[in-house]
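Colleague: Can you read through this structure? Questions will come right after.
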Amino acid sequence: KAGVTQTPRYLIKTRGQQVTLSCSPISGHRSVSWYQQTPGQGLQFLFEYFSETQRNKGNFPGRFSGRQFSNSRSEMNVSTLELGDSALYLCASRRYGETQYFGPGTRLLVL
Amino acid sequence: KNQVEQSPQSLIILEGKNCTLQCNYTVSPFSNLRWYKQDTGRGPVSLTIMTFSENTKSNGRYTATLDADTKQSSLHITASQLSDSASYICVVSSWMDSSYKLIFGSGTRLLVRP
């Protein structure tokens, strides 16, 4: 069974731009969560989607948004990028209530 | 406040030696505790998961313990290998408000030297 895939793997943007990251969960997994990981803050929860509905949301500004499609694939969007948004963005999928399986992440650098 | 604290922040050991990583939590209600291994530049991979009633679980050279009374967990690595160099993250889950909440520790960065 294929694992969680994320695209792109690496991305360089400049301040003020917007970015969209994509995540394809493991087949059969309907829950997708997004995390931001930085050296200083560790893993920070962004939001979780289940059956196209946002179920949980972390403490991030409204510039961070997401959505989930009917095939469970999910996208995350960050608008008006700031230098502090440079991080590894991880996506994780699970059957509801079970262990999460993480993707390899998208490393975003904002210049 | 629900928190997960890990120690030490970083650790350097020689190949072949054992080590123990600590995780203390104040999460309530408690559902389960997981240890993840994260190689540099990759996503975390689950090593063990323990519920309230389990006090030890092994996965090869990795052995996790859980003391639900003191709210402490440890991850013991036996006969370390160079490939054990990674960050180890403790995650506690809690069922609240009709959904699972995951509280992450900041991780322990382990470096195994030859």
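The values are calculated or read from the model by the stated rules, or taken from the named source; none is laboratory data. Treat the numbers as computed from the prediction; the structure is a model and nothing was measured. FYI the Cβ positions are ideal-geometry reconstructions off the backbone, even for glycines, and counts take in every protein chain you see. Heavy atoms of the whole protein, side chains included, go into the accessibility calculation; ligands, DNA and RNA do not. Shrake-Rupley method; radii C 1.70, N 1.55, O 1.52, S 1.80 Å.
Colleague: Output the pairs from B:71/B:101; B:57/B:101; A:13/B:1; A:13/B:101; A:13/B:37 with a Cα-Cα distance over 26 Å in this structure; if there are none, say none.
Modeller: Working: B:71/B:101 17 Å; B:57/B:101 23 Å; A:13/B:1 36 Å; A:13/B:101 32 Å; A:13/B:37 29 Å.
Pairs exceeding the cut-off: A:13/B:1; A:13/B:101; A:13/B:37.
Colleague: Which order do peptides A:23-29, A:66-72 fall in by mean Cβ count within 10 Å, highest first?
Modeller: Numbers: A:23-29: 18.9, A:66-72: 15.7.
Order by mean packing, descending: A:23-29, A:66-72.
Colleague: Separate question: Can you give the mean number of other chain Cβ atoms that lie within 10 Å of the Cβ atoms in peptide B:35-48?
Modeller: Going residue by residue through B:35-48 and averaging, the value is 4.
Colleague: Show me, for the stretch B:52-65, the HN-Hα J-couplings you get by feeding each phi into the Karplus relation (A = 6.51, B = -1.76, C = 1.60, θ = phi - 60°), rounded to Hz, glycine and proline as x.
Modeller: Couplings: 4, 8, 9, 10, 7, 8, 10, 9, x, 7, 9, 10, 9, 10 Hz.
Colleague: Relative to the present Cα-Cα distance, how much length would full extension add between residue B:58 and residue B:10 at 0.36 nm per residue of separation? Mind showing how you got there, number by number?
Modeller: Working: separation 48, 0.36 × 48 = 17.28 nm, distance 2.25 nm.
Taking residue B:58 through residue B:10 to full extension adds about 15.0 nm, to one decimal.
Colleague: With no solvent and one point per C-alpha, what does the Debye sum give as log10 I(q)/I(0) for the protein assembly as shown at q = 0.09, 0.17, 0.18 Å⁻¹?
Modeller: Each listed q maps to, in turn, -0.37, -1.25, -1.35.
Colleague: For the stretch A:40-48, just list the computed ³J(HN,Hα) in residue order, Karplus coefficients 6.51, -1.76 and 1.60, θ = phi - 60°, integers in Hz, with x standing in for Gly and Pro.
Modeller: The phi angles translate into x, 10, x, 7, 10, 6, 9, 6, 10 Hz.
Colleague: Oh, and also: Which residues' amide hydrogens lie under 5 Å from the amide hydrogen of residue B:27, considering only partners 5 or more residues apart or on another chain, with H built in the peptide plane?
Modeller: Hits under the 5 Å cutoff: B:3.
Colleague: Could you work out, residue by residue across A:24-36, how many beta carbons of other chains sit within 10 Å of that residue's beta carbon, and then give the average as an integer? Let's see the in-between values first.
Modeller: Numbers: counts 0, 0, 0, 0, 0, 0, 0, 2, 0, 2, 0, 4, 0.
Taking the mean over all residues of the peptide, I get 1.
Colleague: Using the Kirkwood radius over C-alpha pairs as Rh, can you work out the diffusion coefficient of the stretch A:6-65 via Stokes-Einstein at 25 °C, viscosity 0.890 mPa s, in µm² per second?
Modeller: Calculated translational D: 185 µm²/s.
Colleague: Within the accessible area of chain B, what % is carbon and sulfur when the probe is 1.4 Å and the other protein chains stay in place?
Modeller: Numbers: 2750 of 5720 Å².
Whole-percent figure for carbon plus sulfur exposure: 48.
Colleague: If R₀ is 41 angstrom, what is the calculated FRET efficiency for the pair residue A:52 and residue B:31, using the beta carbon separation as r and rounding to 0.05?
Modeller: Working: r = 25 Å, r/R0 = 0.61.
Here the calculated transfer efficiency is 0.95.
Colleague: Counting only other chains, what is the mean number of Cβ atoms within 10 angstrom of the Cβ of each residue in peptide B:101-107?
Modeller: On the way: counts 3, 8, 1, 7, 2, 5, 3.
Mean shielding by partner chains, rounded to a whole number: 4.
Colleague: Follow-up. Give me the Å³ per residue figure for the convex hull around the C-alpha atoms of chain B. Kindly include the intermediate steps, with their values, before the conclusion.
Modeller: Numbers: hull volume 10.9 nm³, N = 114.
Per residue, the Cα convex hull of chain B comes to 95 Å³.
Colleague: How far apart, in nanometres, would the label points at residue B:68 and residue B:22 be if each is projected 7 angstrom from Cα along the Cα-to-Cβ direction?
Modeller: That separation, rounded to one decimal, is 2.3 nm.
Colleague: Largest first and to the nearest Å, give the Cα extent of chain A along each principal axis.
Modeller: 37, 25, 25
Colleague: Tell me, what is the percent relative contact order of chain B, built from C-alpha pairs under 8 Å that lie six or more residues apart? Please list the in-between numbers first.
Modeller: Numbers: 291 pairs, mean separation 42.2, N = 114.
In percent, rounded to a whole number, it is 37.
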